[in-house]
Amino acid sequence: MTGPDVRKAVVLLESLPDAAIDSLQAYLTPVDWQALQAARRVIELAPDERSAVIADFVLALAERSDVRKNRLQILEQADAAHLAAVLEVEHAQLIALVLTRLTPAHAGGLLALLATDLQASVVRRIATTESAHEQVLDDVLAVIAERLRALPAAHFATIDGVAALGDILQSLDRAAEQQLINCLAQDEPDLAEAVACHTFAIADVLEWSQTSAQILLANLETAPLAVALKQVTSETRQKILGLLPAQFAERLRHAVAHLGPVPPKIIEQSRASIARTLGQLQTAGKLRRESLPTTNRLVA
């Protein structure tokens, strides 16, 4: 400790009860403790010095508390995937310390993103943690918060895996697409169904039973359905419109006729809307897979 630091420490010690002074010894090196005790014997304090030093000490504690809160706030508000990527390369004990400082919900979400073997180690260390020096916790939070701020956001581009796979499969011929979806369905039937919904094309309803086709078409929003019908041949469009009530079919025919060139983004949004409706109908049991033919793009 330097001269001014020793003097301030002496002021604080003189303001504490003996029991508190004795407990502080554990936090100092033997050399610093001896120097502090020696200083207490020789330093004379001015009458107003004690209040000034204590005020500075209280302000320093408040500032330190604010810094800690800011660091915790950074970690709490961080995207779970970003923070998990920073934590997973750290020692399990460090990860455990960080998780104990976060809200249970956020800590649980992060824990779930870690590798299974690392999860087990972190859980064990959390359960066996009894105490940790506040300075150590501050240092840990500072390191993690700094690494999180320095992490390139582009490194964690969000990817819709189902949509991506659906787009890839649609570039294949129909037989190959169905074969790959069926392979996926063997281990992940729900996932395969979601992918199949994404690869659905409006012309596929012509391969369904009339009842199944009408259920889907009746539940689709007009705008996405009109965009989808714009992309098929006039012959296919007429067949699909023939499945609808005459008045509704006429409105759709009119809407399609007045559609100009449709931007790719709008086409994709319409496809996604139809896929969502299809998935919702299947989840609700209103459109059962068993009622659809095994040759179409849905998982049988």
Hey, can you tell me all the residues within segment 111-124 that are of a type in the set (A, V, I, L, M) and open to solvent by 30 Å² or more (accessible area, probe 1.4 Å)? Leu111, Ala112, Leu113, Ala115, Leu118, Ala120, Val123
Residue under evaluation Gly108, criteria (1) within 19 Å of Ala145 (Cβ to Cβ); (2) open to solvent by less than 50 Å² (accessible area, probe 1.4 Å); (3) not in a loop (DSSP other than H, G, I, E, B), criterion not met: (1)
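For every residue, the table says whether it meets (1) farther than 30 Å from Ala92 by Cα; (2) modelled with pLDDT of 75 or more; (3) assigned to a helix (DSSP H, G or I).
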site	(1), (2), (3)
Glu130	no, no, no
Gln135	no, no, yes
Glu146	no, yes, yes
Ile181	yes, yes, yes
Ala185	yes, yes, yes
Asp190	yes, yes, yes
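Please enumerate the residues belonging to segment 209-241 that are in contact with a helix residue (DSSP H, G or I) (Cβ under 8 Å, 6 or more places away or on another chain) and assigned to a loop (DSSP other than H, G, I, E, B).
Here is the first cut: in segment 209-241, the residues in contact with a helix residue (DSSP H, G or I) (Cβ under 8 Å, 6 or more places away or on another chain) are 209, 211-213, 215-217, 219-232, 236-237, 239-241.
Result: Ser209, Leu220, Glu221, Gln231, Val232.
The values are calculated or read from the model by the stated rules, or taken from the named source; none is laboratory data. Being a predicted model, the structure only gives us computed values, none of them experimental. Cβ atoms come from the backbone with ideal geometry, glycine included; neighbour counts cover every protein chain shown. These accessible areas exclude ligands, DNA and RNA; they are computed on the full protein's heavy atoms, side chains included. Shrake-Rupley method; radii C 1.70, N 1.55, O 1.52, S 1.80 Å.
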